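Inspection log for the structure reproduced underneath, given as structure tokens.
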Amino acid sequence: MTDHLAEMRDKIARLRALDAEAELERRWDEDDDYAERYNESRLALYDPVTSLDGVPAGLAGFYALTDGARFGDVDIRAYRDVRPQVAVDYLGEPVDDGDRLQIGDLPQDMLMWDRKTEHVIVYFDLYFKYRWDSGILVEVADMAEFVNTVALGDRYREIRGPLDKQSSPWWEEDPWYRYLRETGMATA
């Protein structure tokens, strides 16, 4: 059984030890194509939350390491910016009665944490436009699994929908996914 919390801690510690923020910033500064396609470097790690009082246990493991982060297209909010969020369909109607917090953003999607189940969900509210059955693009058991397998792992490729529904393998050109592969955090 995978210890996602330990692996998340190890991967974030490794990024810090590699000075990955500076390396990705350097690449962004030096590569015209990279800078033209992205407004900023693909990685940001912040100081940990100093007091975890009030932070739900299911999120505390992450926020104890960094108060928000940017991992490529995954932008996890600082804890003070986390807000309640309802998943809606194309008509703006709630899709269920879930009690969720929006903990982050992706270019066209929301990153939500379910208060009851602790599941982390990448939700795309325009799913109907592509005739998909659901707006849930990724759903994992908890925050540690999300960071370990999606933000810092192979499942990063799924943040824009199921792999079999992607028009092209966009992740092959994504500087963040390339870096994950360089460092061995992603192997696919």
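The values are calculated or read from the model by the stated rules, or taken from the named source; none is laboratory data. Worth saying up front: this structure is predicted, and the values here are computed from it rather than measured. A quick note on method: Cβ atoms are made from the backbone with ideal geometry, for glycine too, and the neighbour counts reach across all protein chains shown. Each accessible area value is taken on the protein alone, full model and side chains, heavy atoms only, with ligands, DNA and RNA left out. Shrake-Rupley method; radii C 1.70, N 1.55, O 1.52, S 1.80 Å.
Would you check if SER167 is open to solvent by 10 Å² or more (accessible area, probe 1.4 Å), more than 26 Å from PRO94 (Cα to Cα) and not aromatic (Phe, Trp, Tyr)? Against the criterion (open to solvent by 10 Å² or more (accessible area, probe 1.4 Å), more than 26 Å from PRO94 (Cα to Cα) and not aromatic (Phe, Trp, Tyr)), SER167 qualifies. Taken over the range 8-23, the criterion of being open to solvent by 80 Å² or more (accessible area, probe 1.4 Å), assigned to a helix (DSSP H, G or I) and of a type outside the set (Gly, Ala, Ser) is satisfied by ARG9, ASP10, ARG14, ARG16. Checking each residue in the range 80-127 for being acidic (Asp, Glu) and open to solvent by 30 Å² or more (accessible area, probe 1.4 Å) picks out ASP81, ASP89, GLU93, ASP96, ASP97, ASP99, ASP105, GLU118, ASP125.
So the check is Cβ under 8 Å with 6+ separation or different chains; which pairs have a first residue in the range 77-103 that's closer than 13 Å to GLY135 by Cα and a second one that's of a type in the set (Asp, Glu) and crowded, with 16+ Cβ neighbours inside 10 Å? Filtered contacts from the range 77-103: ALA87/ASP125; VAL88/ASP125; ASP89/ASP125; TYR90/ASP125. What do you reckon, is GLU118 part of a loop (DSSP other than H, G, I, E, B), modelled with pLDDT of 90 or more and not β-branched (Val, Ile, Thr)? Against the criterion (part of a loop (DSSP other than H, G, I, E, B), modelled with pLDDT of 90 or more and not β-branched (Val, Ile, Thr)), GLU118 qualifies.
Evaluate the following for LEU52: is it more than 19 Å from TYR156 (Cβ to Cβ) and crowded, with 18+ Cβ neighbours inside 10 Å? No: the conditions fail for LEU52. Only residues that are open to solvent by less than 40 Å² (accessible area, probe 1.4 Å) and farther than 14 Å from LEU106 by Cα were counted across the range 133-144, and they come to 3. Among the residues of the range 80-90, are any of a type in the set (Ser, Thr, Tyr), modelled with pLDDT of 95 or more and farther than 19 Å from TYR177 by Cβ? No; the residues of the range 80-90 include none that is of a type in the set (Ser, Thr, Tyr), modelled with pLDDT of 95 or more and farther than 19 Å from TYR177 by Cβ. When every residue of the range 154-177 is checked against the conditions, none turns out to be basic (Lys, Arg), under 13 Å from the mean Cα position of the chain (by Cα), assigned to a loop (DSSP other than H, G, I, E, B) and closer than 19 Å to ALA44 by Cβ.
With respect to (1) at pLDDT 95 or above; (2) of a type outside the set (S, T, N, Q); (3) not in a loop (DSSP other than H, G, I, E, B), the lone exception for LEU65 is condition (3). Across the range 38-49, the qualifying residues are those that are part of a loop (DSSP other than H, G, I, E, B) and closer than 20 Å to LEU5 by Cβ, and the one among them that is nearest to the chain's Cα centre (by Cα) is TYR46.
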